[in-house]
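Structure below; questions to follow.
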Amino acid sequence: MAEIIKVYKEHLPSLRFIGKCYTNADRDGGFGHKWMEWFQNGWFEELEKLGGDPNIENSFLGFMRCNSSNFENTFEYWIGMFLPSDTSVPDGYDFIDLDEASIGVCWIKGKEDDGSIYGMHDECILKFQEYDMGNFKNDNEKRAYFFERYNCPRFSEKDEQGNVILDYCIYLSKQ
């Protein structure tokens, strides 16, 4: 069973998220098959060559945005990385420019193999609200921005019980 073991606020500079966008039509249960495609095609290596931002954790991201009142038609699942805001976008990739902002972060500890660390969105939202971080940022299309951050070594190295830690983050409004 997965559990939230840490909740905190983090500040991010202006960034450019570079990756590829998928929708609900691309789901096959989830997006694991798309991640396999990324690793098989060396797409992360291409992005890593662009250089990271020294002010943030340069991890692989599953970046999502949607309008909760129209989830089915607005949900986007992006795979990619945060890079400096002036980074040129390579052919075959798309991007989202993000203003400087704070994010809420939950560390979800559990088993990656059984999927228990995924699907904890609602629990994280409740934790953010409990920690006075319920002021989620929406863009001009009323979409919230949230992401899974696959930090190494938290996510890549299992503890003695076989657990890993997934960072689940959401952009907060300035209020």
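Rule-based calculations on the coordinates, nothing more; no lab input. Computed from a prediction, not measured in an experiment: that's the story for all the values here. Note that we place each Cβ from the backbone using ideal geometry, even for glycine, and neighbour counts take in every protein chain shown.
Considering only 56, 18, 79, give the residue with the highest GNM mean-square fluctuation for the chain, with springs between Cα atoms whenever their separation is below 10 Å.
Of the options given, 56 has the highest mean-square fluctuation.
Further, regarding this structure: Find out how many positive minus negative residues lie around residue 164, taking Lys and Arg as positive, Asp and Glu as negative, among other residues whose Cβ is under 9 Å from that of residue 164.
Around residue 164, the surrounding residues sum to +1.
Using a 4.7 Å Cβ cut-off, which Cys residues in the chain lack a partner cysteine?
21, 66, 152, 169
At 0.36 nm per residue, and after removing the present C-alpha to C-alpha distance, how many nm does the segment from residue 23 to residue 7 gain when stretched out fully?
Between residue 23 and residue 7, full extension yields 2.9 nm more.
Now, a different point. Using the number of other C-beta atoms within 10 angstrom as an exposure proxy, rank 171, 22 with the fewest first.
Fewest-to-most Cβ neighbours within 10 Å comes out as 22, 171.
Let me know the shape class of the range 3-171, please: from the alpha-carbon gyration tensor, a ≥ b ≥ c as square roots of the eigenvalues, rounded when a/c is under 1.5, otherwise prolate if a/b is greater than b/c, or oblate.
Rounded is the answer for the range 3-171, as its axis ratio a/c remains below 1.5.
Now a separate question. Taking residue 20 as the anchor, which aspartates and glutamates have their alpha carbon closer than 16 Å to its alpha carbon, excluding any fewer than eight residues away along the same chain?
Cα-Cα hits under 16 Å: 37, 45, 46, 48, 76, 91, 94, 97, 148.
Ok, one more. If the limit is 29 Å between Cα atoms, which of 137/158; 9/142; 49/127; 6/158; 34/137; 6/49 go over it?
Pairs exceeding 29 Å: 137/158; 49/127; 6/49.
Can I ask one more? What is the local net charge at residue 112, summed over the other residues whose Cβ is closer than 12 Å to its Cβ (Lys, Arg +1; Asp, Glu -1)?
-1
Can you classify the range 81-128 as rounded, prolate or oblate using the Cα gyration tensor, where a ≥ b ≥ c are the square roots of its eigenvalues, rounded means a/c under 1.5, and otherwise it's prolate if a/b beats b/c and oblate if not?
It comes out oblate by the Cα gyration axes.
So, one more: Counting helices only, and only those DSSP H runs with n ≥ 4, report the 222 nm mean residue ellipticity of the chain as the sum of -39,500 (n - 2.57) divided by its residues, in deg cm²/dmol to the nearest 500.
Helix contribution divided over all residues of the chain: -4500 deg cm²/dmol.
A further question on this structure: Among 87, 74, rank each residue by its count of other Cβ atoms within 10 Å, from fewest to most, as a rough exposure measure.
Least crowded to most crowded, the residues run 74, 87.
I need 111, 127 ordered by Cβ neighbour count within 10 Å, fewest first.
Ranking 111, 127 by Cβ neighbours within 10 Å, fewest first, gives 111, 127.
Compute a Gaussian network model of the chain, connecting alpha carbons closer than 10 Å, and tell me which residue from 62, 115, 104 fluctuates the most.
Checking each option, the largest mean-square fluctuation is seen for 115.
Using Cα springs under 10 Å in a Gaussian network model of the chain, which residue among 144, 25, 101 shows the largest mean-square fluctuation?
Highest fluctuation among the options: 25.
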